[in-house]
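A.B. asks: Got a structure here, written out as structure tokens. Questions coming.
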């Protein structure tokens, strides 16, 4: 696929940096200077030794601008080293942003090829590719956009409370919207089950209650925090920096305007109890907490009465007296706490169960058994709690298959197979606590955007490492505490602080700079197939009814380019990484063409260079924002240019920076391999690979084939 560069109205200036003279012995800089000097579109070539130093950068760029250069090609080290001084220097020289291309002659040439001739030849090819790309560069201006600095926090648990307080400390006005009329949520109801926070269980509970009281007082007295209780969220619309949240409190409806939304409604709730368990002997963990508090006021020997009251409906005075008498005669001498019935629970629930087991086992006449798949103690203080619970007399029974629980007149029979011995054990208990708990994603039927990706257990945060600790895939929406999964108390508090800091860093100034390099839809070509809208991992695409086409949000878009690659009508242009720019970098001749994701394979390749790990001199890397950006034309173009192999290297599929880009790349390669096979070509010439940015060994393994 032979391409001709457009005739330029302005010339190109070339900068060659020898990195303080360290590259002079590895590269022939005379040959490097001669190549661009022979081109008509190159005005001036400058060699320097410290392009990463601000003073040197300004001097070089200004001298090129004075000669009429409006585009730059920089042959030096990796871009992140000199990006900032280059941007400042271009601004001072009144050169438009986005008008520079890079050739990594250090990490991808001098440092990986010991032969000076091979390294120089490859450097020449990289500079030539950068010159071809420079011809297609377009200015990328930026504009300041005002945003709303208010924040809406949905949920009044510990994470929601701490989010509101921290945001208020940072100067933001916060609307704290809660479904009920009490703050504290799960932590308030289960405060007695956090004994792992202190060596003394009672002291831990007292400290937690004091902290809750202090937080409640702060929220009710802080003028920056507006608490709206007994409210339901009716609608959420808009985008980051300009959300509208419709709520209804009683008979009153109102719309809250905010720049960010914090989802803290993941109140940990119980799995439904089995049918036919109305006797009050099978409980949830919150039921047990309520029962223990009631029994404390009448004495520990009346726990059976408290357990019965926690589940039974209201009765008449005569019925209640008779039943209470029965309860006192049948004290719960044995209690089972069963975990992991619906799925393996996290350390947050295990901490609550072990705390409950310690309290129950404090009575010398009571048998307490914890049934679980594994004991999770990976949090500070939980190992000590586990040992205390065991010392108090609590037994741990591990199983692989969920036990069978049968309610009988004499008690509750649990039949389970022990993991270690393989023996099937049956035992009757006076009371059983089913401790499986889950995040109540959607419990309050929040009208969340359909583009908000869910995680395990219906959590509001997709299962992707790039979103930790408080990001959602929807820009401007943050997830904290149990809303993003089974969150331990201190994790929930950390989430709250992280979300507040991230919000403040992004919009604390009341305005944001938005680069105009987001994909642009050609309304004349768009046929409203909605492929882009459905595939966008960040919900940045909507339908413009006036233009009868889709449109991109410059604020929400993360510039992955996936939409441009998937658009069947080729109606989407991507200024930051256009088709012309990518195709211009294809180098004729045999070798290995690598389309490298800038979040994984590209830094892995540079790390290989820094480690001086050699690979083939015919390997050519083309930087792309995401592996999902690479469409069929790029691959076929590389093969047409004579490439022996074409690789698309991106993030691991479960840890893609843009959530689904690596998945789309893998599927696209499968389709193209089938096409190549039908055309009589070896499908093995095309492959896809996945890695993290530090996996240099994986990168070398793939490019060496």
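A.B. asks: Is one or more of the residues making up region 628-635 crowded, with 22+ Cβ neighbours inside 10 Å, touching a residue at least 24 places away in the same chain (Cβ under 8 Å) and in contact with a strand residue (DSSP E or B) (Cβ under 6 Å, 6 or more places away or on another chain)?
C.D. replies: Yes, the conditions are met somewhere in region 628-635.
A.B. asks: Another question, if that's okay. Going by the structure shown, is residue 44 buried (at least 17 other Cβ atoms within 10 Å of the Cβ), farther than 25 Å from residue 136 by Cβ and in contact with a helix residue (DSSP H, G or I) (Cβ under 6 Å, 6 or more places away or on another chain)? Full working, then the answer.
C.D. replies: On the way: buried (at least 17 other Cβ atoms within 10 Å of the Cβ): yes; farther than 25 Å from residue 136 by Cβ: no; in contact with a helix residue (DSSP H, G or I) (Cβ under 6 Å, 6 or more places away or on another chain): yes.
It is false that residue 44 is buried (at least 17 other Cβ atoms within 10 Å of the Cβ), farther than 25 Å from residue 136 by Cβ and in contact with a helix residue (DSSP H, G or I) (Cβ under 6 Å, 6 or more places away or on another chain).
A.B. asks: It is to be established whether one or more residues within region 490-512 are in contact (Cβ under 8 Å) with a residue 40 or more places away in the chain, in a loop (DSSP other than H, G, I, E, B) and in contact with a strand residue (DSSP E or B) (Cβ under 7 Å, 6 or more places away or on another chain).
C.D. replies: So far as region 490-512 goes, yes, one or more of its residues are in contact (Cβ under 8 Å) with a residue 40 or more places away in the chain, in a loop (DSSP other than H, G, I, E, B) and in contact with a strand residue (DSSP E or B) (Cβ under 7 Å, 6 or more places away or on another chain).
A.B. asks: Going through region 15-32 one residue at a time, which ones are part of a helix (DSSP H, G or I) and surrounded by 13 or more Cβ atoms within 10 Å (Cβ to Cβ)?
C.D. replies: Across region 15-32, the qualifying residues are 29, 31, 32.
A.B. asks: Just a yes or no: is a residue in region 91-106 touching a strand residue (DSSP E or B) at 6+ places or on another chain (Cβ under 6 Å) and surrounded by fewer than 17 Cβ atoms within 10 Å (Cβ to Cβ)?
C.D. replies: No.
A.B. asks: Out of all the residues in region 522-550, which are in a strand (DSSP E or B), in contact with a helix residue (DSSP H, G or I) (Cβ under 8 Å, 6 or more places away or on another chain) and buried (at least 16 other Cβ atoms within 10 Å of the Cβ)? Spell out the reasoning first.
C.D. replies: Of all residues in region 522-550, those in a strand (DSSP E or B) come to 541-544, 549-550.
Then drop every residue that is not in contact with a helix residue (DSSP H, G or I) (Cβ under 8 Å, 6 or more places away or on another chain), which leaves 541-543, 550.
Residues satisfying the conditions are 541, 550.
A.B. asks: Do the conditions hold for residue 407, that is, is it in contact with a strand residue (DSSP E or B) (Cβ under 8 Å, 6 or more places away or on another chain), modelled with pLDDT under 95 and outside the structural domain of residue 284 (by TED's automatic domain parsing)?
C.D. replies: So residue 407 fails the test.
A.B. asks: May I pose another question? Being more than 17 Å from the chain's Cα centre (by Cα) and modelled with pLDDT of 95 or more is the filter; apply it to region 472-509 and report the residue that is surrounded by the fewest Cβ atoms within 10 Å (Cβ to Cβ).
C.D. replies: 505
A.B. asks: I would also like to ask the following. Out of 326, 290, 251, which single residue is out of contact with any strand residue (DSSP E or B) (no Cβ under 8 Å at 6 or more places or on another chain), in the same structural domain as residue 470 (by TED's automatic domain parsing) and either modelled with pLDDT of 60 or more or at negative phi (or both)?
C.D. replies: 251
A.B. asks: Something else now. State the number of residues belonging to region 376-391 that are in a helix (DSSP H, G or I) and either buried (at least 18 other Cβ atoms within 10 Å of the Cβ) or on the phi > 0 side of the Ramachandran plot (or both).
C.D. replies: Total satisfying the criteria: 5.
Here is a yes/no grid of residues against (1) outside the structural domain of residue 607 (by TED's automatic domain parsing); (2) within 23 Å of residue 25 (Cβ to Cβ); (3) in contact (Cβ under 8 Å) with a residue 24 or more places away in the chain; (4) assigned to a helix (DSSP H, G or I):
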residue	(1), (2), (3), (4)
86	yes, no, yes, yes
96	yes, no, yes, no
103	yes, yes, yes, no
108	yes, yes, yes, yes
112	yes, yes, yes, no
120	yes, yes, yes, yes
126	yes, yes, yes, yes
133	yes, no, yes, yes
137	yes, no, yes, no
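A.B. asks: If you don't mind, another one. Identify the residue in region 670-705 that is in contact with a strand residue (DSSP E or B) (Cβ under 7 Å, 6 or more places away or on another chain) and assigned to a loop (DSSP other than H, G, I, E, B) and, among all such residues, is modelled with the lowest pLDDT.
C.D. replies: 705
Yes or no, residue by residue, for (1) surrounded by 17 or more Cβ atoms within 10 Å (Cβ to Cβ); (2) touching a strand residue (DSSP E or B) at 6+ places or on another chain (Cβ under 9 Å); (3) within 21 Å of residue 496 (Cβ to Cβ):
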{"position": "191", "(1), (2), (3)": "yes, yes, yes"}
{"position": "195", "(1), (2), (3)": "yes, no, no"}
{"position": "211", "(1), (2), (3)": "yes, no, yes"}
{"position": "223", "(1), (2), (3)": "no, no, yes"}
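The values are calculated or read from the model by the stated rules, or taken from the named source; none is laboratory data. Everything numeric in this text was worked out from a predicted model, so none of it was measured. Here the Cβ is made from the backbone with ideal geometry for all residues, glycine too, and neighbour counts use every protein chain on show.
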